[in-house]
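Here the structure is laid out as structure tokens; the discussion comes afterwards.
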């Protein structure tokens, strides 16, 4: 067995979780997307071995798994590193300043779109609309919201992450790492729901006016 | 103009297409109805045998009252629908042109160097409904070119139009979901998993149905231009499925073979063996008659060889054995049948160059010979249950396998009785009735009542050639059929076997199923052959007994045709017999263990050089003519005719005349011998399960390395229990009376006391290496011997 | 018109996402009510309410439910489309983050009405913040006996599964979502059959948007009359509007359908200082843009259609005078190209081609001819693609040409960035340093 195989072998614990996922659906194949997230949770990327494990668990071909995996952009085929950094460059975020944020972050990380940073600790991606346009420009760290960023705040954030300081999502819990988020996505749950505030001023903008009576 | 389809009124709808009133069966698609009245709507993703997907959008048409154009390939006609195609609708014409422009935008337009050029639907439709100038001046998509999706099929991704015909074929028809669409959007491309090729016995079909030049075959790539080729229809010589194929040739050489559309048999498909294994037609041929002189074979003129052979055979009158391999055409087989009885005065003839049994002879005489088209491919689709006994369709009759898959989708339930739940079984979602190799009869006699009760008059029991090697299984099948009403079909592996049976190339059985034991039948045949009844020999030996008799010197002479001793369990005995026989005449097109020992060798024509017919498992006679009409070679029948003449008897050698004679003989309607019940006799201990894989070391597959590279790897397949018991070794050694085979282990769904090996694959030649066959005792150990 | 917080009414309660918090505001009362009634009567109520799908198409919700064949012996499924990915749409994710129990309660009631025993919430994978909140709400609901076997002694069983997507806008298309949920590439399915007859696992399936489902408890609780007092005859009820862009206070504003953009803009504090509104898009990049001339139109399905656009997701994006329309349109097309699933020719090839041409314009290298080419190419996609993504991709350019063709003409010689200093449109300062 090659060294690569040893590195990429899917653990029994992950296999058990894959089976648990498969059991959630009337048809086990439905668990394929979550299972691929689970592969990333364990391996920091979707490996050939990980796809083979999914194929085996679901009794489908590796080609069928590859067909599905390559369709979705959240799956990566080389190690993401510690943190996934997303900067929304869709029209609204991009034009409201996301373009500048992306440029500065790319420069800081020495990374290009959908690729690793020079040190391999980060992965940078120009992301599409994150459904947070009210909070533009939007950035994500391990897919947790970092709302209303500026180039300066984004760089400060990266610096903190790089030095291992605690960083909190603007609408969510503290940042863990990419693999931890992938685990959340795979299992579609974690124990962080009660941590951090999910509702901010912008989400309350209308409510405040309604309650203040300052209505037309 | 009104075109009426003669279907029940209740099942049809009245529609109008481009002003033509039509009545079509309910459920008819616009594109199919339009074809009926000669309106060709552009299409790429559409294929009549694949489920509509409507993704290429080339076939957009207008329907009155529907604001947007609709895809004709997926639009079902409903009562009163008024359809306008590009011929009468501006909306449809503009929509189609728009799609065509999009399809060509990223297409490399490298028609000049593309294999598809000249027969390319994209090229043709671009000419008929595209613009001559492209407005696209951006950068076209590029991919490193080309990639192998398997050893035989190459993919040029930039030519692909994402119609998904290939991936749909792989998944829907072949059941081999190892060719898929990968990525998405403009980057969407056909491909395979990282390290795994498109693994399919049917991969060549994707080349044929690709509407552009994206998929090409390694063997044909850059070989010729379609307009330089001469195309002739033929019938595949590789198995008893009976596929219609098209042979394309140029300057005396076959350049490729394609599946021909035969809705009753292979529809539009062929297996890779039928498509790609034709190098043998030209390479390594024996090019002149040979006679043995001072122990050495030397070239001889036809008259000299003929004279030599005639003298030798005449000297052996009444004491000649005739072995006709299973690859003869019906006409050639008939010529042997008649030559043996009329010229050689011998009933000692057998066409089964493989493991056989007397039980099988009785079974064939009672239930197969003279019964044609009683069960067909169409019946397979409407059967309630199908039981496979000693029959592995994916390997042994791949087109039957595809039809079974089609049936399974319509609700046919397949049961497979045997020691291995194969890949093919999996793809048929078959119910596995486990039987240790050799114990089929026992298992059939004690089937679950659930299975037995499910069998009815629409059920079919398919028995393959391997049933002959499992004692009692054929009589058990007959009993099961009698008890349940299920009908029985025999599926031989070789293309010529069914026809040879019909031709009477089997001792005890005259043409048309006339029993050589029945005086009426004998009288009928004798009259037709213009011989005295008493002169018609009878009581010949078959199978193992015949080979043993040859080995023991019972016969003075032996006449062989298309025989490879390696195909026989007692091949060594045969070789010894051939060596010791006084006189051996071999009709062959390639050298073999037999020709090396023969007294005289006549080269004979291959399928491209003669006309004839093969009868498939249905009993359907499929004739073909010579691709090369000016070939100088003689068919077997032609050689036999000359030989007969040299021996003083007239025997027609003309295919058409022989066919007429055979037809005129008719089929036997009288009483048939019954199959004597043969007791099950399973071997104790571990037994060998084996059959020939579709792609293997068969001699007709020689010279085609790309095809050979798609073969399944040679392994020893054992159950997980046995694997654990042997301490999970990487290698397994299987030992028989002659020796051992050591190969990598593969853990599969195998009956616990059986071990499976490919019969004739690289490093897995059962008869030669082990010296035993299916159902016989072997020992198994972990590791190398 | 007054803002009417309903779904958003208690978002300022930091415990709202918990079961207790939700219940303290009357949560799950509608469920109790619903479980005592006949499923068909719930369908009738929703039909009568006139609730229209909030995912963009505005299909009548009750009617959709009624298409599910009953007593067909097959399992039925409810699938919640929480794949909010349309550029500009940002209201479902906040609903799930702030008020997940409204969704869960709506799911239970809807499942009960359509006789589904298994519901799925397909949430796009890029928002763990929403996934964990919904999962937590489901966990709490299950622990409280609101999910599982024999809910509240009604004999009704329901399982709810949260499912994470993995990055594909196309999965917002309901049949693509079903394929994705079944573990396949998210490419749309050929219709018929429609999901109501053969959807998830070929069984009858209702697919509803998050906001649509979150409406259900309130309608059941407060009644059809209450609901219909908001909005118009054809667009009854209220809407969670999310206003983004160059406004003073981007955010969530829940108001009756029929409110005008001018009113919403006022609530959002108007344009940022010194800025003029240039164009706005009522509900996602897939619907045609409007200008200041359209600010007084009521935001209803019918009025927007009359103005040649659509209400869409009801999440207006507002752009001021600093924005290059050429750049905005190019960016949207880059998005559609990126998200085209590849299944059909017009969308796959069309988005690739159009984007390339638009990029030339963005760099000031377009030609007059190519303006015409772009128009015809969009025409070759619209109405001919397999699904609505193609139609959406063919929307921005013609819509922009209606009002801003001069910017494309200018882009035949002057780049977008030269026409409009990109830094001017940033919402922060100091980018130049």
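The values are calculated or read from the model by the stated rules, or taken from the named source; none is laboratory data. The structure presented is a predicted model; accordingly, all values stated were derived computationally and were not measured. Positions of Cβ are generated from backbone atoms using ideal geometry, with glycine treated the same way; all protein chains shown enter the neighbour counts.
The table for this structure:
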read-out	value
Which listed residue is surrounded by fewer than 21 Cβ atoms within 10 Å (Cβ to Cβ), more than 23 Å from residue B:49 (Cα to Cα) and touching a strand residue (DSSP E or B) at 6+ places or on another chain (Cβ under 7 Å), from B:298, B:246, B:251	B:298
Matching residues in segment B:187-211 - criterion: being closer than 19 Å to residue B:106 by Cα and surrounded by fewer than 21 Cβ atoms within 10 Å (Cβ to Cβ)	B:187
Only one of B:42, B:52, B:67 that is crowded, with 22+ Cβ neighbours inside 10 Å and either under 23 Å from residue C:191 (Cα atoms) or under 34 Å from the mean Cα position of the chain (by Cα) (or both)	B:42
Residues that are surrounded by fewer than 17 Cβ atoms within 10 Å (Cβ to Cβ) and closer than 30 Å to residue B:622 by Cβ, drawn from segment B:672-695	B:673
Residue list for segment C:174-187, filter: buried (at least 24 other Cβ atoms within 10 Å of the Cβ) and within 14 Å of chain A (Cβ to nearest Cβ)	C:176, C:177, C:178, C:180, C:181, C:183, C:185, C:186, C:187
Where residue C:162 falls short, out of the listed (1) more than 18 Å from the chain's Cα centre (by Cα); (2) assigned to a loop (DSSP other than H, G, I, E, B)	(2)
Selected residue (criterion: farthest from residue C:189 (Cα to Cα)) from residues of segment C:374-407 that are surrounded by fewer than 20 Cβ atoms within 10 Å (Cβ to Cβ) and within 11 Å of another protein chain (Cβ to nearest Cβ)	C:376
Residue that is free of Cβ contacts under 8 Å to residues at least 40 places away in the same chain, more than 7 Å from chain C (Cβ to nearest Cβ) and in contact with a helix residue (DSSP H, G or I) (Cβ under 7 Å, 6 or more places away or on another chain), where the choices are A:138, A:149, A:167, A:199	A:167
Qualifying residue in segment B:635-643 (condition: buried (at least 20 other Cβ atoms within 10 Å of the Cβ) and at pLDDT below 95)	no
Count of segment A:63-91 residues which are in contact (Cβ under 8 Å) with a residue 12 or more places away in the chain, within 14 Å of chain B (Cβ to nearest Cβ) and not in a loop (DSSP other than H, G, I, E, B)	4
Test: residue in segment A:133-149 that is surrounded by fewer than 23 Cβ atoms within 10 Å (Cβ to Cβ) and closer than 22 Å to residue C:251 by Cβ	yes
Residues located in segment C:320-348, provided they are buried (at least 24 other Cβ atoms within 10 Å of the Cβ), under 20 Å from the mean Cα position of the chain (by Cα) and within 14 Å of chain B (Cβ to nearest Cβ)	C:333, C:335, C:336, C:339, C:340, C:341
Residues of segment B:718-740 satisfying the condition of being surrounded by 22 or more Cβ atoms within 10 Å (Cβ to Cβ) and under 31 Å from the mean Cα position of the chain (by Cα)	B:718, B:734
Number of positions in segment B:70-81 that are under 34 Å from the mean Cα position of the chain (by Cα) and more than 9 Å from chain C (Cβ to nearest Cβ)	1
Segment C:46-76: number of residues that are assigned to a helix (DSSP H, G or I) and crowded, with 21+ Cβ neighbours inside 10 Å	5
Hey, residue A:100 surrounded by 24 or more Cβ atoms within 10 Å (Cβ to Cβ) and at the interface with another protein chain (Cβ under 10 Å from one of its Cβ atoms) or not	no
Residue in segment B:82-98 that is surrounded by the fewest Cβ atoms within 10 Å (Cβ to Cβ), counting only those that are out of contact with any strand residue (DSSP E or B) (no Cβ under 7 Å at 6 or more places or on another chain) and within 14 Å of chain C (Cβ to nearest Cβ)	B:90
Residue list for segment C:286-297, restricted to those being part of a loop (DSSP other than H, G, I, E, B) and surrounded by fewer than 19 Cβ atoms within 10 Å (Cβ to Cβ)	C:291, C:295, C:296, C:297
Residue check, residue B:478 under 27 Å from residue B:419 (Cβ atoms) and part of a helix (DSSP H, G or I)	yes
Options C:371, C:317: the member that is touching a helix residue (DSSP H, G or I) at 6+ places or on another chain (Cβ under 6 Å) and buried (at least 24 other Cβ atoms within 10 Å of the Cβ)	C:317
Evaluation of residue A:212 against (1) more than 9 Å from chain C (Cβ to nearest Cβ); (2) over 18 Å from residue C:164 (Cα atoms); (3) under 18 Å from the mean Cα position of the chain (by Cα) (one fails), failing number	(3)
Any hit, segment C:127-140, residues being away from chain A (no Cβ under 14 Å), out of contact with any helix residue (DSSP H, G or I) (no Cβ under 6 Å at 6 or more places or on another chain) and either touching a residue at least 24 places away in the same chain (Cβ under 8 Å) or more than 21 Å from residue C:57 (Cα to Cα) (or both)	no
Hits in segment C:355-368 (condition: buried (at least 17 other Cβ atoms within 10 Å of the Cβ), more than 10 Å from chain B (Cβ to nearest Cβ) and in a helix (DSSP H, G or I))	C:358, C:361, C:362
Residue B:83, sole failed condition from (1) assigned to a loop (DSSP other than H, G, I, E, B); (2) farther than 21 Å from residue B:122 by Cα	(1)
Failed condition for residue C:86, given (1) within 12 Å of another protein chain (Cβ to nearest Cβ); (2) under 27 Å from residue C:232 (Cβ atoms); (3) assigned to a loop (DSSP other than H, G, I, E, B); (4) in contact with a strand residue (DSSP E or B) (Cβ under 9 Å, 6 or more places away or on another chain)	(4)
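A quick yes/no check of all residues on (1) more than 23 Å from the chain's Cα centre (by Cα); (2) buried (at least 24 other Cβ atoms within 10 Å of the Cβ); (3) part of a loop (DSSP other than H, G, I, E, B):
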{"position": "B:498", "(1), (2), (3)": "no, yes, no"}
{"position": "B:520", "(1), (2), (3)": "yes, no, no"}
{"position": "B:524", "(1), (2), (3)": "yes, no, no"}
{"position": "B:548", "(1), (2), (3)": "yes, no, no"}
{"position": "B:554", "(1), (2), (3)": "yes, no, yes"}
{"position": "B:563", "(1), (2), (3)": "no, yes, yes"}
{"position": "B:569", "(1), (2), (3)": "no, no, yes"}
{"position": "B:573", "(1), (2), (3)": "yes, no, no"}
{"position": "B:593", "(1), (2), (3)": "yes, no, yes"}
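Conditions tested, residue by residue: (1) over 30 Å from residue B:464 (Cβ atoms); (2) at pLDDT 95 or above; (3) more than 14 Å from chain C (Cβ to nearest Cβ); (4) in a strand (DSSP E or B).
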residue	(1), (2), (3), (4)
B:224	yes, no, yes, no
B:237	no, yes, yes, no
B:245	no, yes, yes, yes
B:269	no, yes, yes, no
